Amino acid sequence: MRKIVLATNNKNKLREVREILTPLGITVLSQQEAGTSVNPEENGTTFAANAEIKARAVYEATGLPVIADDSGLCVDALDGAPGVYSARFAPEGEVCDKLLSVMAEVPQEQRSAKFVSAIALIDEYGSLTVCEGECHGMIGYEKRGTNGFGYDPVFMYGDRSFAELSADEKNAVSHRANALKKLYDVLKERYGE
Ligand code: IMP
């Protein structure tokens, strides 16, 4: 059985990635299960660079193939901000209120945004592949829904916010799901039957 470490201890990410890769005969280990707690500074200027920084650090600590992801929200009216700074835009739980207040004067037709996810794979030889996925939507005028996390309540996908979608509905269209689908194809080509 082939093993890949997912450079996270986040249970939701682990479940999502396990569901997708187990059918390929791949065992997905958490960082903890791989016996490392490295947590490098994510000082890259792109999602891909940050995903690689995380993957490389865990690869160097374990010697096993590694997958790492980095994601965030890019708002057109803010020239792509908060982007790679999405997690640091405001204290956790306050990101939506801050975004709504910064966007208060922005008219509907200029409220387009996208979530981006970059997933870096470092294989057993240390070579890098990056898969990116996006999901396009609009920033709403108020928080809606209670599901999800982060910016989900203000990210309108059609006439519902991401926080109004079920986990399955979000996973069918999300930036992370789109990046994972590409990763699946890469791994299937490489390791599949
Ligand atoms: P990271 O990829 O775990 O570093 O997450 C970066 C930040 O982007 C998170 O803290 C969230 O604020 C935001 N983010 C990434 N993906 C999502 C999502 O699917 N919904 C809402 N916020 C997200």
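The values are calculated or read from the model by the stated rules, or taken from the named source; none is laboratory data. All of these numbers come straight from a predicted model, not from anything done at the bench. FYI the Cβ positions are ideal-geometry reconstructions off the backbone, even for glycines, and counts take in every protein chain you see. Protein only, heavy atoms only, side chains kept; ligands, DNA and RNA dropped before computing areas. Shrake-Rupley method; radii C 1.70, N 1.55, O 1.52, S 1.80 Å.
If you build a Gaussian network model of the chain, linking Cα atoms that sit under 10 Å apart, which residue out of Arg160, Arg176, Arg15 swings the most?
Among Arg160, Arg176, Arg15, the largest GNM mean-square fluctuation belongs to Arg15.
Quick one: of Lys143/Lys170; Lys143/Lys181; Lys13/Lys54; Lys114/Lys188, which pairs are farther than 26 Å apart, Cα to Cα?
Values: Lys143/Lys170 17 Å; Lys143/Lys181 29 Å; Lys13/Lys54 15 Å; Lys114/Lys188 28 Å.
Over 26 Å apart, Cα to Cα: Lys143/Lys181; Lys114/Lys188.
Would you be so kind as to identify which of Val102, Ala163, Pro65 lies farthest towards the positive end of the dipole of the chain, taking Lys and Arg as +1 and Asp and Glu as -1 on Cβ and the Cα centre as origin?
Value computed over the given set: Pro65.
On average, how much accessible surface per residue is there in the chain, in Å², for a 1.4 Å probe, leaving out ligands, DNA and RNA?
51
If the elastic network links every pair of Cα atoms under 10 Å, which of Asn171, Asn50, Asn12 fluctuates the most in the Gaussian network model of the chain?
Asn12
Along the Cα→Cβ direction, 7 angstrom out, place labels at Asp97 and Thr22. What is the inter-label distance in nm?
Each label point lies 7 Å from its Cα, and together they span 3.9 nm.
Which of the aspartates and glutamates could be linked to Lys3 by a straight reach, that is with a Cα gap under 14 Å, when you skip same-chain ones fewer than 8 residues away?
Qualifying aspartates and glutamates at Cα under 14 Å: Glu33, Asp123, Glu124.
Give me the percent of accessible area attributable to carbon and sulfur for the stretch 27-82, probe 1.4 angstrom.
Numbers: 1100 of 2510 Å².
Using a 1.4 Å probe with all protein chains present, the stretch 27-82 comes out at 44 percent carbon and sulfur.
Going by alpha carbons, how many degrees (0 to 90, nearest 10) lie between the helix axis of 47-62 and the longest principal axis of the chain?
So the inclination is approximately 30 degrees.
Could you work out the mean projected area of the convex hull around the alpha carbons of the stretch 2-191, in square nanometres to one decimal?
Values: hull surface 41.6 nm².
Averaged projected hull area, Cα only: 10.4 nm².
Among the aspartates and glutamates, which have Cα under 18 Å from the Cα of Lys98 when same-chain residues fewer than 8 positions away are ignored?
Asp76, Asp79, Glu142, Asp152
Which of Ala81, Val28, Asn43 sits closest to the plus end of the dipole of the stretch 2-191, meaning its Cα is farthest towards the positive end, when Lys and Arg get +1 and Asp and Glu get -1 on the C-beta?
Of the listed residues, the answer is Val28.
Modelling each spin label as a point 7 Å along the Cα-to-Cβ direction, I'd like the Lys182/Asn43 distance in nm, to one decimal.
The answer from the label model is 2.7 nm.
Run the dipole for the chain about the Cα centre, Lys and Arg Cβ at +1, Asp and Glu Cβ at -1, nothing else charged, and hand back the magnitude in debye, nearest 20.
Values: 21 positive and 29 negative charges, 92 e Å.
Value, rounded to 20: 440 debye.
Quick one: if the Förster radius is 45 Å, what FRET efficiency do Glu105 and Ser166 give, using the C-beta to C-beta distance and rounding to 0.05? Don't skip to the end; give the middle numbers.
Numbers: r = 33 Å, r/R0 = 0.74.
That pair, Glu105 with Ser166, gives E of 0.85.
Out of the total accessible area of the stretch 95-193 (probe 1.4 Å, heavy atoms of protein only), what percent is carbon and sulfur? Present the calculation step by step, with values, prior to reporting the outcome.
Values: 2480 of 5000 Å².
Carbon plus sulfur share of accessible area: 50 percent.
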